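The structure under discussion appears below in the form of structure tokens.
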Amino acid sequence: MRFLYRMGLLAGLGAVALFVFGYSLLNPSSVAAVDHDPDSLRSGERRKQLDDRANVAKKNLKKLEQVQDSSKGDQDAPQQARFGGGLPGDSPDKEASMHLAVVACGDRTNETLVMLKSALVFSNTKLHCHIFAETELHFGFRQQIDSWPASIHEKLSYTIYPIMYPPGENSQEWKKLFRPCASQRLFLPELLTEVDSLLYVDTDILFLSPMENLWNFFSAMNSTQLAALAPEHEVKSIGWYNRFARHPYYGETGLNSGIMLMNLTRLRAFRFQDKIIPYYKEYKLKLTWGDQDLLNIFFHYYPERLLVFPCEWNYRPDHCMYMQNCKSAETHGVRMVHGCRRVFFNEKQPVFKAIYQALEQHQLGANTSLLVEDMKAKMAAPEVQASRCGQVSNLFLKRVETAAAAAP
């Protein structure tokens, strides 16, 4: 009997341990999603922040269990894919004027950091960055960002989150859709329930002008528009969607999703998530570009819900590798660079690599004029000038020079 009693006691303790371990798995953000705002890390406030996070996590665990339970009864019910009240423990900086979101998996840490550096170089408005990343990348992000100058942290706060997909969905299948984890952005409205609007960017994006200027497109939206994107192509003869797509797409040449203004409040109200998941299940065998294809399908059926901004805000090699076909960039200059197809790291269009390296090597807090001079020097290299895109290098410098001239 004594032996059985001890075995029963050990089994009870094991059950408690498994419950605690399972709780942490269901709520990874209660450990991994940490707000990094220097003003909120004082001792008393930090204790309150942790207590509040624990309470929120408990509430969201209960909601998550309810969602999972409800999905057992009707496997086809659309509400089974909805998150239970946002990401547990998330408390974005409510004083931030702008919100930026990025998803990083695999070897994209440094590329993401250079993107964030470029946003900070040209912007002065307080910014909160939401970084969704695989757990093993969190320490590297915190270590690098926390090492940046104090002057940078006066305008930057950030939160790091684990990768999360809706209960009832195949997380591994969604994670492998096109580039690793890229589909995470489709679920941001239901994850960041305390955020009204944000700018989502891929990791291979570089700012060459203030983020505030792109943010102003939110004011240009009418009362029904949910998001803003740039076209995939300007010229139909080299368009991908109009020649090869096997699914519906937006307009004549489709949309590029690397830079996306998202009104999360409206997307939630429109039940965007409940619409996008059925599109995936219907067309998943016909998708080539993953989440971008799904956004094209969505806005094909709801074109009135989209605002289209010009190509100067999403300038890619496609705009100059055959001929310069982004007319707005000729007038205003290139405002944001999209280094798709790993062009920041190969020699196919070296002007993109030159811009990336200049921003990577730039010291945050240093005079912007030094960045301009470094970019000019790198773009003057013979291999850059000999390339198609290098022949319009003045378009890349135009906004950078303007920003440098306006800097204090």
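A few points about this structure:
- Among the residues listed as L188, L198, the single one being under 30 Å from H362 (Cα atoms), within 12 Å of the chain's Cα centre (by Cα) and buried (at least 22 other Cβ atoms within 10 Å of the Cβ): L198
- Selection of region 201-223 for residues being part of a strand (DSSP E or B) and touching a Phe, Trp or Tyr at 6+ places or on another chain (Cβ under 8 Å) yields L206, F207.
- Among the residues making up region 331-342, a single one is aliphatic (A, V, I, L, M) and either assigned to a loop (DSSP other than H, G, I, E, B) or in the same structural domain as L214 (by TED's automatic domain parsing) (or both): V334.
- Any hit, region 308-325, residues being of a type in the set (K, R) and more than 16 Å from G239 (Cβ to Cβ): no
- Test: residue in region 363-375 that is under 12 Å from L206 (Cβ atoms) and either part of a helix (DSSP H, G or I) or touching a residue at least 40 places away in the same chain (Cβ under 8 Å) (or both): yes
- Residue selected from region 291-311 under the condition over 19 Å from the mean Cα position of the chain (by Cα) and of a type outside the set (A, V, I, L, M, F, W, C), by the criterion farthest from H247 (Cα to Cα): P310
- Residues in region 352-368 that are over 25 Å from the mean Cα position of the chain (by Cα) and surrounded by 14 or more Cβ atoms within 10 Å (Cβ to Cβ): 1 in all.
- Helices (runs of 4 or more DSSP H) fully within region 244-330 counting 3 or more residues that are surrounded by 23 or more Cβ atoms within 10 Å (Cβ to Cβ) and not aliphatic (A, V, I, L, M): 291-301
- The set of residues in region 234-243 being in contact with a Phe, Trp or Tyr (Cβ under 7 Å, 6 or more places away or on another chain) and surrounded by 18 or more Cβ atoms within 10 Å (Cβ to Cβ) consists of Y241 alone.
- Number of positions in region 313-339 that are β-branched (V, I, T) and out of contact with any Leu (no Cβ under 6 Å at 6 or more places or on another chain): 1
- Per-region count, region 320-373, residues of a type in the set (S, T, N, Q) and over 25 Å from P310 (Cβ atoms): 6
- Subset of region 382-408 [surrounded by 15 or more Cβ atoms within 10 Å (Cβ to Cβ) and of a type in the set (G, A, S)]: S387, G390, S393, A403, A404
- With respect to the conditions (1) buried (at least 21 other Cβ atoms within 10 Å of the Cβ); (2) within 22 Å of M260 (Cα to Cα); (3) assigned by TED's automatic domain parsing to the domain that holds V400; (4) in contact with a Pro (Cβ under 7 Å, 6 or more places away or on another chain), Q349 falls short on a single one, namely (2).
- In region 391-402, the residues that are assigned by TED's automatic domain parsing to the domain that holds Q324 reach residues that are among the charged types (D, E, K, R) with C-beta atoms within less than 6 angstrom, at least six apart or across chains, in these pairs: R399/R335.
The values are calculated or read from the model by the stated rules, or taken from the named source; none is laboratory data. Bear in mind that the values here come from a model prediction, so they are computed numbers and not experimental data. Neighbour counts run over all protein chains shown; Cβ positions are idealised from the backbone, glycine included.
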